[in-house]
Every structure is written in C-alpha cells, then in structure tokens.
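Everything on this sheet refers to the single structure shown next.
The values are calculated or read from the model by the stated rules, or taken from the named source; none is laboratory data. Since the model is a prediction, treat every value here as computed from it, not as a measurement. Reconstructed Cβ throughout: ideal geometry from the backbone, glycine too, with neighbour counts over all protein chains shown.
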Amino acid sequence: MTDSQPAIRLTGLTKEFGAVTAVDHVDLEIAAGEFFSMLGPSGSGKTTVLRLIAGFEQPTAGTIELFGEDVTRRAPFDRDVNTVFQDYALFPHMSVLENVAYGLRVRGIGRRERTQRARAALASVRLEQMGDRKPSQLSGGQRQRVALARATVVQPKVLLLDEPLGALDLKLREQMQVELKQIQRDLGITFIFVTHDQEEALTLSDRIAVFNDGRIQQLGTPADLYEQPGSRFVAGFVGTSNLFDDARSQALLGRGGEHSVRPEKLAVSAEREVGDGVASAPGTVVEVIYLGSGIRIVVDLDAGLRVTALAQNDRRRLRAGDRGDRVFVSWHEADVVALAPAPPAVAGEEADAAASVA
Amino acid sequence: MRLSRPARVTLGVITAIILGVVYVPLLVVLVNSFSTSTALTWPPPGFTLEWWGKAFQSAGALDAVLTSVQVAVISTAIALVLGTLISFALQRFDFFGREAISLLVILPIALPGIITGIALNNFFRTIMGVPLSIWTVVIAHATFCIVTVFNNVIARLRRQGTNLEEASADLGAGVWTTFRLVTFPQLRSALLAGGLLAFALSFDEIIVTTFTAGSGVTTLPIFILNNMFRPNQAPIVSVIAVVLVLVSIIPIYIAQRLSGPADQKR
C-alpha cells in the first residue's frame, strides 16, 4: 500500500439494471484518508456506486481499483472494504460483542484475541457496558455505533457508509456527525459516505461528488459546491438558490445565460442601495417567514421573477405585516454565479429537483 | 385497550363456547377410554383401566405407532432439505420458469388427497413397476410435507431480505460460513414450525396412505380406522387417541416456547 495511490479509483464504471442505467460511466478518484461524500437525490446512483465498491453488485462495465489493485471481479468477502449499512444489519441472534467480533471470528482469530479487540472497539464508541445485550435491546443511536464498531474492528482500508444517520432524529444525527468525523480522524482511514442530505454532506466532507441520473454532476470541496455551483441542478440541490434564466438574466444582470444567487446574498431594503458592484431591482414582498435565527423574505420582482432572500434576525427585521410593501432587492455582482447551460433533454427534471429542494 | 363490562362478558362467553366445541369431544374420548362399554355408548355404564392395559400390550397398535413415526420422521427430513433448497432457489435467484415452479411446489397441498393417492398408486405400480411399501408412503407424504416447509422458509427469507447475508460477506465470511453463522440461525424457527407441521400432516394422513401403502404397512390412522368398528377394539382406539393428544401437546409447547422470544423481538 503506497500513499501515492488513490484509495479508490473508478474508471468508466457503469451499472445497468435491465433497461435502466443506474450508474453511467463514472470516473472518480478518492484519496487515502479522505472523508468523501456522494450526495444526490434517491435514484441518482450514489448507493449503487457504493454497492459496486463493496462488491454486492457487479458492474456492467468499468473497473474498480483499491489502492491500485483491480478488485472489480472480487467477491465482497475478498475486498478490504467494510460497510456500515443504512439499517445497520446487525445480526439479531448474536450479542453486541459477538456482532462486533464477527469479522475477526470468520478470519479465524482466536476467541481471546477477538474478544479483546471487540471490547476495545466497543469502548471506542463508548458502548463497553453493552457487550452482553442483544441488538434489539439498544436504541437507534447505539445500534448505529455498534455497526460502526463492527465495520472498523477488522481495520478496513476503506469504510463505506450508506446513509448511516438517516434513521436517527435530528439531535442525535448532529451528535453522530461530530463523532463520525472524530472517528475518521482517529482511524485515519478513507470514509465514503452516501447521503441525500446536503447539509450533512457539507458538514462532514473533505470533498463531495454530487450525483444525478447516474452521473457525477460536480465534484469539489463543500465551499466549491456551495459558492460555485456549476449547474442548475447543483445550485438547487446543494443549498437553495435563486435561479435567473436567460431572459431574466438579460433584464436584471444585463447579460445572457443562466445565473444563480444564494438567498443570504440578497438584501431587502426600503431604499435602493447604491455602491460599487451593487445592483438592485424593485419588487413587492409576498411572504415573510420567521425562522428563529433568520427571516426568509419572498419578493416578486417587477421583472417577473420570484426570489427568496435570507436575512439575519436582527433589529431591522421585516414583519409578517410587511406583506405587500414595495422594496428593493440588491446583490453584489461578485455573488452572482454563472451556470453551465443545462442539457435540454434533462432540463425539466432538474428544474423539478431544484424546485422541490427550494 | 379497555372494554366495557357487557363487551367483556359477551366475548368471554363466545370464547368459552368455541373452546368448548373444540375440547369437549376430546374429553369424551378421554372418558370413553376408561368406559366399561365396548361400543362407545354414552354415558359410560362404568369405569375400568382394562383398555389401557390392553392397548399397551397390543402389538398391532404399537407397530402402527412405530410405522407412523418412521414415515413422518423420514418424510419430514426429506421435506426440510428439499423445501429449504427450493425456497432459496425461488427467493434468491432469478431464472426462467420461476413463477411456474413456485406454483407447482405449492399445488400438492391443495390437491385432493384422493387424486394424489390414485395418481401415485398408478405411477408407482403400473409406470415405475415399484411394489408398494413403506417407502412409497414416505415419498407420497414428502410431496405435501415439502409445501409446509417451503411456505415457512420462503416467508422468512422474503421478510428477512439479504441485508444480513451481505453484512456477513462484507465482514469477510464466505458463502458457507455465512449460511452456518447467519442464515441458518435466522431460519431455525421457520424450519421448526414447518417441520412440526409437516410431521403432523404426515402423522395423521390417511387417504394418500391408503393408496400408497404396501400390504402389511399399517400406519396409526389406518390401524384406528380398521379397529374403530370392530367389537371390543373401540375403547383401545380411545386409549390411543388420548395418548396421541398427550404426545402432541409436547412439541406444540416446545414450539411455542422457542418462538416466543423471537415474536417479542419483532
């Protein structure tokens, strides 16, 4: 194993289920020690890529390399990767300790050593007291940590996580996100994390691949994706965006093409704002939504576009009673992102996906 | 859940009536086994232990029990192996004709016993040229015993999905290790339930048995039927019936206890 090799290299990876192409010529390199997320809506192919890497599915075409070694045709039990499953898949007839020791047991490691190592792994997820219980006697968060201990005790080169936090409630999820990050740093192994939750992906990842229709739409750091979405789909799926189509861009920005502006980059004020690189447009307030930490203001611009602005909850705030007020929406030219033209065939779908997130 | 008092009383009475219909006849058989009357007259004119003593010395009765146990054990064993294999084939693999085979496997339990009996009798004697024996009974019973095992196992496999097996493979276990350590323990209660049902089906089967048993092969149901209306034998039949009831309580009790904790988990 050399550090110069990527942990995972996918080349032309394709998976067809009958007439459906779930994964369409994916090329991807994931560096050793990276926390890498695959983000996308359901049916985007992200989970299939994970299952291909784990070996549960055989690709229709393409290769999978693990630290430079071609593992495309190897069985799951012959690959140095382990999975944390979405529903945890703990063995219900075994105790928690037996579950964690399972990977060591099937490798023929003696009872004493495997018990010792399993106990250490349980301790690392703070469950050392739970070893004798059955999985059914644990809470969701505890099961999740057992699954993590079971997958990491065999020291895989790459850990695959299939929406591991999906079944947990919000508070527990945020707590587990912090723990996952810590565990990944402690173990120093590559994590490949599948999620449909863009916030989770932004929080955890070193890099993110955004999937749609079996292809990677954009690959980059969380900041790259958020600040410079390359397409309409990414702008709508990662965070929310105000999309200016070609005609509106002409009217409001003075140039053609599609553009996107994040809600928090829009300011709403009673007077027209002036300044270097600041542009503004008049409109009417449609809705003011109180969010606690912020306020979401929906404005119909006179140019015929509905935009959403996100304002901090400070003393200048607008109230619900301000509906119907005439205001100016302003933005910095630097915050307007030009989007790559969408391929016409899937433009409709992408607009739907963007709308459902916004 | 709370019920009003009249509702509770009504439901209690209905439950008592239904349980009464099921169990009072069994009590009658129990009483008859101690009756001094040989013709099962009611009420019994007097009580005696004579029939119990005779029953346990009756070579015919003991032989019949032994034959029935043999047939039931062997056909259940065949059903457990074949039923499990066919369940895996139909649930975990996709192949041409899968739906048709699924139907063909279940069909024997729906077919009237008399049809199965005549068909197998014909097949064994005229087509295969095999003389009827205890083995022809075993094969005939296995055809419908497979169905109960198959139904139980495939339902379990379907509900369970392949997640646990994938997890096992992911952790480094080969196909056989996965079967031994994960799949089989998950199937155990389904196999027990299917096996007990198969055993019970075989043990009291009479129609198919009549057509497929060789001369001298007398299973318990055939023995009972033959002796039921013979003078002086009816009380012995009652004794056998009571023993069978007592014996069949044991596996049911075990099955309930074994599946109890598993039910709580779900």
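Some points to look at:
- Residues in the range A:134-167 that are surrounded by fewer than 18 Cβ atoms within 10 Å (Cβ to Cβ) and touching a Gly at 6+ places or on another chain (Cβ under 7 Å): A:A167 alone.
- For the condition out of contact with any strand residue (DSSP E or B) (no Cβ under 9 Å at 6 or more places or on another chain) and either more than 16 Å from B:P235 (Cβ to Cβ) or in a loop (DSSP other than H, G, I, E, B) (or both), B:V21 qualifies.
- Subset of the range B:92-108 (residues that are assigned to a helix (DSSP H, G or I) and more than 18 Å from B:W176 (Cα to Cα)): B:R98, B:E99, B:A100, B:I101, B:S102, B:L103, B:L104, B:V105, B:I106, B:L107, B:P108
- Residue match in the range A:1-24 (condition: outside any strand (DSSP E or B) and crowded, with 21+ Cβ neighbours inside 10 Å): yes
- Of the residues examined, A:Q182 is one that is over 12 Å from the mean Cα position of the chain (by Cα) and either on the phi > 0 side of the Ramachandran plot or not hydrophobic (A, V, I, L, M, F, W, C) (or both).
- Residues in the range A:122-139 that are part of a helix (DSSP H, G or I) and not small (G, A, S): A:L122, A:E128, A:Q129, A:M130, A:P135, A:Q137.
- For the range A:37-50, the criterion of being at the interface with chain B (Cβ under 10 Å from one of its Cβ atoms), surrounded by fewer than 23 Cβ atoms within 10 Å (Cβ to Cβ) and in contact (Cβ under 8 Å) with a residue 40 or more places away in the chain is satisfied by no residue at all.
- Test for A:V268: is it under 9 Å from A:F328 (Cα atoms) and β-branched (V, I, T): yes
- Yes/no for B:L187 being surrounded by fewer than 21 Cβ atoms within 10 Å (Cβ to Cβ) and within 14 Å of chain A (Cβ to nearest Cβ): yes
- The residue list A:Q184, A:Q142 contains one member that is outside any loop (DSSP other than H, G, I, E, B), in contact (Cβ under 8 Å) with a residue 40 or more places away in the chain and not β-branched (V, I, T), which is A:Q184.
Matching residues to (1) of a type outside the set (A, V, I, L, M, F, W, C); (2) touching a Gly at 6+ places or on another chain (Cβ under 9 Å); (3) not in a helix (DSSP H, G or I):
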site	(1), (2), (3)
B:V9	no, no, no
B:V29	no, no, no
B:P43	yes, no, yes
B:G53	yes, no, no
B:F56	no, no, no
B:A61	no, no, no
B:V65	no, no, no
B:V69	no, no, no
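- Taken together, the residues in the range B:141-168 that are within 14 Å of another protein chain (Cβ to nearest Cβ), surrounded by fewer than 19 Cβ atoms within 10 Å (Cβ to Cβ) and not β-branched (V, I, T) amount to 4.
- Residue in the range A:54-70 that is facing chain B (nearest Cβ under 10 Å) and surrounded by fewer than 21 Cβ atoms within 10 Å (Cβ to Cβ) present: yes
- For the range A:76-99, a tally of residues being under 20 Å from A:S139 (Cβ atoms), part of a helix (DSSP H, G or I) and within 10 Å of chain B (Cβ to nearest Cβ) returns 2.
- Reported count of residues in the range A:103-127, each being within 11 Å of chain B (Cβ to nearest Cβ) and within 30 Å of the chain's Cα centre (by Cα), is 1.
- Scoring B:N232 on the criteria (1) crowded, with 20+ Cβ neighbours inside 10 Å; (2) away from chain A (no Cβ under 14 Å); (3) at positive phi leaves a single failure, condition (1).
- Meets criteria (among the polar types (S, T, N, Q) and either at the interface with another protein chain (Cβ under 10 Å from one of its Cβ atoms) or closer than 22 Å to B:T183 by Cα (or both)) for A:S136: yes
- 2 or more residues out of contact with any helix residue (DSSP H, G or I) (no Cβ under 7 Å at 6 or more places or on another chain): qualifying helices (runs of 4 or more DSSP H) within the range A:205-319: A:222-227, A:246-253
- Residue satisfying condition, being under 25 Å from A:S205 (Cα atoms) and not β-branched (V, I, T), within set A:F77, A:F36, A:F91: A:F36
Rundown of residues vs (1) outside any helix (DSSP H, G or I); (2) modelled with pLDDT under 85, yes/no style:
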| position | (1), (2) |
| --- | --- |
| B:F179 | no, no |
| B:L187 | no, no |
| B:N226 | no, no |
| B:P231 | yes, yes |
| B:L244 | no, yes |
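- Considering the range A:298-309, and only residues there that are modelled with pLDDT of 90 or more and aliphatic (A, V, I, L, M), the residue that is surrounded by the fewest Cβ atoms within 10 Å (Cβ to Cβ) turns out to be A:V298.
- Filtered residues of the range A:268-298 (kept if among the β-branched types (V, I, T), over 34 Å from the mean Cα position of the chain (by Cα) and under 14 Å from A:R326 (Cβ atoms)): A:T284
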